[in-house]
Structures are given as C-alpha cells and as structure tokens.
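The values are calculated or read from the model by the stated rules, or taken from the named source; none is laboratory data. Just so it is clear, the structure is predicted and the values come from calculations on it, not from any experiment. Here Cβ is always computed from backbone atoms with ideal geometry, including for glycine, and neighbour counts include all displayed protein chains. SASA here: full protein model, heavy atoms, side chains in, ligands and nucleic acids out. Shrake-Rupley method; radii C 1.70, N 1.55, O 1.52, S 1.80 Å.
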Amino acid sequence: MANIPDLTRRRLLGTIAAAPLLGSAMGWAQQVRPATRAIPSSGEAVPLIGLGSWITFNVGHDRVARDARAEVMRAFFQAGGRLIDSSPMYGSAQEVIGYGLKKIGRPADLFAADKVWISDGEAGRAQMEASRRLWGIPRFDLMQVHNLLAWQAHLPTLFAMKAAGQLRYVGITTSHGRRHGDMAQIMAGQPIDFVQLTYNLVDREVEQRLLPLARERGIAVIVNRPFQQGSLIRRLERHSLPPWATEIDCSSWAQFALKFIISHPAVTCAIPATTRVDHVRENMGAATGRQPDQAMRARMAAFVARL
Amino acid sequence: MSEWWTYGLRDLLMFSAQTYYRLFELYNRDLWPSQLLALVLGVAVLALWRRGGERAGRAIALILAVCWLWIAWGFHWQRYASINLAAGYFALAFVVQALLLVWLGVLRGRLTPVPATRLQQRAGLGLLLFALLVFPLIGPLLGRSWTQAEVFGMAPDPTALATLGVLLFAGGRPAWGLFPIPVAWCLLSGATLWAMESPDFAVAPLAALLALVLAAGGALRRARAGRSIG
C-alpha cells in the first residue's frame, strides 16, 4: 500500500507548539492531519480532502441552518481542511460560507476556490467581486470558469487577475462528465493551474483522457460529485464494507469512495459536500492512514461494480 | 448554463428537501397568524361561490388576485429567491396571474360561477375544498412538521389549485387565459418535489391536469350543445 505521510514536519511542529494553547479548548490537538498533495504549478501542498458547497450550503436566510454550516466549516478546519469550493450558481452558498468564516474566524491558510458563471465576459469581474464580498475575504486563491461557460471571454480576464496578484490560480470546471473534449482542448492549449471534474467509483471516464492529460500538463485536479450527490453512498450502504477495507484504513463507505478518488496520482483534492459535522470528520479521515495502491484501486472498483 | 438540456431535473435542483420545507416553516412562523386570515379568505371564496352571480365572481377574482400578488412578493421574492435563482421569474409569473385575474375576473366578470356541467361543478368545489382543507395536511400526514404546512393564500401550490377550482366553477365559458400559469406552476412544483424525492410530488400536477381536462371537456360539451341548438 502507498502510505502518504500524515504529518508534515512543519504542521507537526505547528501543532505541537499550539497544542497547549488551543488543544484543550478546540479538542483537535490529537487529530492526525490529512495527507496533502502538491499543486503542480506552484508546489504548494493542499489537503487531499476539501469541502464542496453545492446544495448543502444553500440554506438562504435560515439562521439555524447557517449556524449548523458554520459548525461544519469549523470541524473541517479543525480536521486540517483548507480548500472550500463554491459558485455564484449555488444560490446562497457563498453568503453562507461568508457567514461561517465571520462567525468562526477565517483561518490563515484558507484556500478559497470559487467560480465565474456568467455568459457575458464583460460582467465577469463584477460577478467575481460580488462573490468575494459575499465570502468576506481579500482575494480568492483559485477562480474557475464554471462549466466552461464563456471560457474564451473569461480566461484572459483570469490570467490578467493572476498576473496582477488578484488571484493565485486559474482553473476551469465541468461536472457530470460533460464537455470533456472541450476541456481537453483547453488543458492542452491554455496555461491553467486547475481543472475540476467529476470522478468517483462509478463515473470513471476521466481516467482515459483527462486525468493523464492533467499529469502530463502539470495541472491540479479537483474532483466534484465524489458520492454522486449522495446516491452512490446510499446505494453502497445497503451492503457491508468488504473485510479487506481495513487494509486501507477505511471505516465507512464514504472513506472507501474518497480513498479511491484521492489515491489516483493525478487527483489533487476531492470536495465532498455535507451538512453534518460527523460526516465532515469522516470525510477528512479518508486523507489519513494507508491509501490504496493501483492493485487495490482496481479491486475496489471491481467490487463496487459487482454490487 | 452550457448544454443545459443535457441536465436531468435532479441535476438542476440546487437545494435540499430539508431546506425547502424549512422555508415554509420559517415563513409560517414569521407570518403567524396570517394563516387564519388566509383561511377566512378561502372560506369567503366558498361563500361567494354559493351565493353566485356576477358580483360574487368579481369578488372571488379580487381575492385570488390579492393572494397571487402576495405570494409573488411574500413567498417567491422574499423567501424562495434566497435558495432558488429562478424564483424571481416565478414572482413575475405570479404578478402576471394577479393582473390577469384583475383584468379577466374583476373588470370583465369572467369568473361568474356558472359551471358547464355537474361534473365540473363538483370537481371545482372538490378542488377548492382540497386546496383549502386537505392540501395543508399532506405534509404532516407524510411525516413533515405541522409548522411546514402549505396553506391557501400563502403558499403557491394550494393557491394555484384553488384558482383552478374556481376556474371550473366558471366553466360555462372558460377564461382560458387564467389557466396556463396555475397549471404550469403545478407541473413545475411537482417536478421540484420529484427531484427532492418527496412522495407527494404527483399531487399538484395530477390535480391541475384533471382541472384542465374537465375544463376542456366542459367547453367541448357546451360547443356541441350550441351547434345542435343552432
């Protein structure tokens, strides 16, 4: 099994130094930190598990639900998470993320990923600025063109913003296995840092072309819909975990599904979405312990295909 | 959204069932006891229908117009828009329906209770009673909280169904311009509930389609009767 180190030296020292001050109050000093993977274009390491916000963070003005999402974010950060992903297409999700960051305090190492989603290229900057205000942050780390909408118009803007220090990374997204041909073309021809796409135990088309291309071109990969919006997990939970799941330190189907994704060498980060603190901890646990090697990954996929 | 036609309904749903029904809970809680006023308005529609006559038809149309206008503002614009990017368009459609009710119902008197057939009369009354009394019970009967009940005059689905019931009363000469928006809303709402896997997803669409079929049947019968007399 490939065993990704759980503790970088810097994080270990930081944790040890902070433990007396924060540990008892926040209850996470003993937690194992999630494994990370480097963003190819910069070498910056990000945890293998992030946090998505599609549907789960769109709770409108509901104060109780907003507070609950803030607790999900708190648990995510306490478990070592950094990358949160959203979009103007996600209703009130950006605003709810901003509410959570204000309530629990914005971590210094937050990795804020958002999207531009508007057909008018001229309106892209205004939309990104509105998104930034909703998050309540000085700048986004990553800005992606959502579902490749008007990408020809938006990418030059994003590259200019990156050059001006208004962004750190530029990316494109797709989901549900759509427009892979266009995506491959952009990956081959544009100096993007990230792609976001759908990949999970059953949606594996990207293994053929996009994931190898990402490795070849040095592009980081964010994986959305790791649980097929929950339907994959609901289906898997009708069955028992195979006994050999313990060989990769899996204690749940969610971890099984996530470990399959993040153990692909081209994947930088998976972004499961959840409304529950226990689930976010469980998800983060997928980035700890032993990870499947190639043979184990094949075994996992074959097992699920037979269910 | 690019290639939007390739997305399924469930792919387009941008909120959870929990969030959707919590919207009604907060709406009901914040506006209590307006639900009682809405019930009084619903009973007034029934009473006016029993009374009959052109003035009663105009009064019914006015009550419904006020309800549609309120839902456009108080529900779609103020509440639903916080979780659904399309809710602004729904608000606009509900304003249009309110204006149509004023124009066709209040000003032109096209909602005078004159059912074309006994079946239409019974179906219209049944649909109105269903919207007023039964629809709010569906959620609680399916295990949802009472506080999330959808009531006539405040929630879109029972208001659309009650409007279709009233249109059946006036089926002697259907005001076809008043059908499209309530029927479309019921279909859209059913699709939303289906995407959320709510077991009651078929209720509003089936009731709306039934009203449409009965209205069309009544109009046909009236046309045939007119031809045979002629």
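Some points to look at:
- Within the accessible area of segment B:16-225, the carbon and sulfur atoms contribute 69%, probe 1.4 Å, all protein chains present.
- Look at the stretch A:175-184: the mean tally of other chain Cβ atoms within 10 Å of its residues' Cβ atoms is 2.
- Spin-label pair A:Gln185/B:Arg108, simplified geometry with 7 Å Cα→Cβ offset, distance in nm: 5.0 nm
- Here the protein assembly as shown is treated with +1 on each Lys and Arg Cβ and -1 on each Asp and Glu Cβ, and its dipole about the Cα centre works out to around 1100 debye.
- Percent breakdown of C-alpha pair distances by 10 Å bin, ordered from the shortest bin, for segment B:16-225: 9, 37, 37, 14, 2, 0
- Binning all Cα-Cα separations of chain A at 20 Å, short to long from zero, yields these whole-percent fractions: 34, 60, 6.
- The length gained by stretching the chain between B:Thr117 and B:Leu92 to full extension, at 0.36 nm per residue less their Cα-Cα distance, is 5.6 nm.
- Net charge of neighbours whose Cβ lies under 13 Å from the Cβ of A:Leu232, counting Lys and Arg as +1 and Asp and Glu as -1: +3
- Taken along its three principal axes, the alpha carbon spread of segment A:57-156 comes to 38, 28, 21 Å, from the longest extent down to the shortest.
- Student exercise, chain A dipole from Lys, Arg, Asp, Glu Cβ charges, in Debye to nearest 20: 280 debye
- Only Lys, Arg (+1) and Asp, Glu (-1) charged, at Cβ; segment A:151-307 dipole about Cα centre in debye: 200 debye
- For segment A:229-298, trypsin sites (Lys or Arg not before Pro) meeting the loop criterion (DSSP other than H, G, I, E, B) and having at most 15 other Cβ atoms within 10 Å: A:Arg238, A:Arg276.
- Percentage relative contact order, chain B, counting C-alpha pairs under 8 Å, at least six apart: 23 percent
- Here each label is just a point 7 Å from Cα along the line to Cβ, and for B:Ala216 and B:Val66 those points are 3.5 nm apart.
- Value of D in µm² per second that Stokes-Einstein yields for segment B:74-131, Kirkwood Rh from Cα pairs, at 4 °C (1.567 mPa s): 94 µm²/s
- Computed on chain A, with alpha-carbon pairs under 8 angstrom and 6+ residues apart, the relative contact order is 22 percent.
- Extended-chain gain in nm, criterion 0.36 nm per residue less alpha-carbon gap, A:Ala160 and A:Arg215: 17.3 nm
- In this assembly, the A-B interface accounts for approximately 1800 Å² of buried accessible surface in total, computed with a 1.4 Å probe and without ligands, DNA or RNA.
- Note on chain A: with neighbouring protein chains present and a 1.4 Å probe, carbon and sulfur make up 52 percent of its accessible heavy-atom surface.
- Per residue, the average separation of C-alpha pairs within less than 8 Å and at least 6 apart gives segment A:43-159 a relative contact order of 25 percent.
- If both residues of a DSSP beta bridge must be in the protein assembly as shown, then about 15% of such bridges are antiparallel.
- Environment charge of A:Lys103, counting only residues whose C-beta is closer than 13 Å and scoring Lys/Arg +1, Asp/Glu -1: +3
- Per the Cα gyration tensor, the protein assembly as shown maps to an equivalent ellipsoid with semi-axes of 52, 23, 23 Å, ordered largest to smallest.
- For segment A:253-301, the direction-averaged projected area of the alpha-carbon convex hull comes to 3.4 nm².
- Within the protein assembly as shown, helix-based [θ] at 222 nm, where runs of 4 or more DSSP H residues each add -39,500 (n - 2.57), nearest 500: -15500 deg cm²/dmol
- Per-pair calculated FRET efficiency, R0 = 51 Å: B:Trp176 and B:Leu141 via Cβ, rounded to 0.05: 0.90
- The accessible-area ordering, largest first, of the residues B:Phe201, A:Phe256, A:Phe227 stands as B:Phe201, A:Phe227, A:Phe256, per a 1.4 angstrom probe.
- Residues losing 20 Å² or more accessible surface upon assembly, segment B:77-110, compared with the chain by itself, 1.4 Å: B:Ser82, B:Ile83, B:Leu85
- Average accessible surface area per residue within the protein assembly as shown, 1.4 Å rolling probe, Å²: 43 Å²
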